[in-house]
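Down below is the structure, laid out as structure tokens.
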């Protein structure tokens, strides 16, 4: 990749990794449900005009939006915010990176076909990393079980969302899809957001964190992500999924004084290695010339959960 592409990749990773820091700050002034609603609604207001100017549409697939917006945006944003009331922001950023692992686990339920041996191996490696983090083994933290469980549940929601995007929204303009999904999620969360309305306006730091989440970490980051995809392709752009958690941990340690130990880095490394193995396409063996067309077709149609694309996780 060019220097410009690497710079964009690092900026994007820094933005998405910082979302957990800003959530932690915003929670000092607002509740988790209102935080998620404000972030989603703000991003929708910014992205809808962009989609309108691009004349981007969902090609008649509007009926799927409520069923996609719930696991892809509304539920995970609330769960992450609620979970961060109890656990460190760096741990939250690391646990969200487990989404590809849960995609393999849920593959049979989501009708994704049988996972490859490589994907199963990567899942086991990643789950060992999850066990280290949740057990607090050498991490320097005492992990709150419920808070960690809510963030892991958010990662499961993201995995379901990935599968639904592939099934229902293949070929749809990504900015149109994200703008419509954000708008739908905002409508779904509106009643609960009003119930969780803060008794008084949030302080300056919390308000600034909310603005940063909506403008930079959601709307702006997604536009940058699409630009990166256009420049270097989706495979290289997906590297952000492995760099962003490192930023999340670094922000928590440096800016929020969160404790960290060797075990935290071991757990993070195992999760990222496992996720990489789950998403990496296995090499296809070249068949001898005498192989029948039927055999070639059967191989090409074989299910491969490990090759699923990854969407924005934060």
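The values are calculated or read from the model by the stated rules, or taken from the named source; none is laboratory data. Owing to the predicted nature of the structure, the values given are computational and were not obtained by experimental measurement. Note that we place each Cβ from the backbone using ideal geometry, even for glycine, and neighbour counts take in every protein chain shown.
Only one of these is within 22 Å of residue 205 (Cα to Cα), within 19 Å of the chain's Cα centre (by Cα), touching a residue at least 12 places away in the same chain (Cβ under 8 Å) and surrounded by fewer than 24 Cβ atoms within 10 Å (Cβ to Cβ): 42, 83, 90, 29. Name it. Write out each step before concluding.
Values: 83 fails: surrounded by fewer than 24 Cβ atoms within 10 Å (Cβ to Cβ); 90 fails: surrounded by fewer than 24 Cβ atoms within 10 Å (Cβ to Cβ); 29 fails: within 19 Å of the chain's Cα centre (by Cα).
Just a single option satisfies the conditions, and that option is 42.
Of all the residues that make up the range 248-269, how many are surrounded by fewer than 22 Cβ atoms within 10 Å (Cβ to Cβ) and either touching a helix residue (DSSP H, G or I) at 6+ places or on another chain (Cβ under 7 Å) or within 23 Å of residue 162 (Cα to Cα) (or both)? Give the derivation first.
Going through the range 248-269, the residues surrounded by fewer than 22 Cβ atoms within 10 Å (Cβ to Cβ) turn out to be 250, 253-263, 265-266, 269.
After this cut, where a residue has to be either touching a helix residue (DSSP H, G or I) at 6+ places or on another chain (Cβ under 7 Å) or within 23 Å of residue 162 (Cα to Cα) (or both) as well, the list is 253, 255-256, 258, 260, 263, 266, 269.
Count: 8.
Contact map, the range 56-80: first residue at positive phi, second residue buried (at least 16 other Cβ atoms within 10 Å of the Cβ) and in a loop (DSSP other than H, G, I, E, B), Cβ cut-off under 8 Å, separation 6 or more or different chains; pairs are 59/172. When restricted to residues that are farther than 23 Å from residue 274 by Cα and either at pLDDT 85 or above or surrounded by 17 or more Cβ atoms within 10 Å (Cβ to Cβ) (or both), the range 227-247 contains 2. Counting residues in the range 147-157 that are touching a residue at least 60 places away in the same chain (Cβ under 8 Å), crowded, with 21+ Cβ neighbours inside 10 Å and over 20 Å from residue 249 (Cα atoms) gives one or more. Here the helices (runs of 4 or more DSSP H) wholly within the range 109-207 that include at least 2 residues being over 18 Å from the mean Cα position of the chain (by Cα) and closer than 14 Å to residue 77 by Cα are 174-195.
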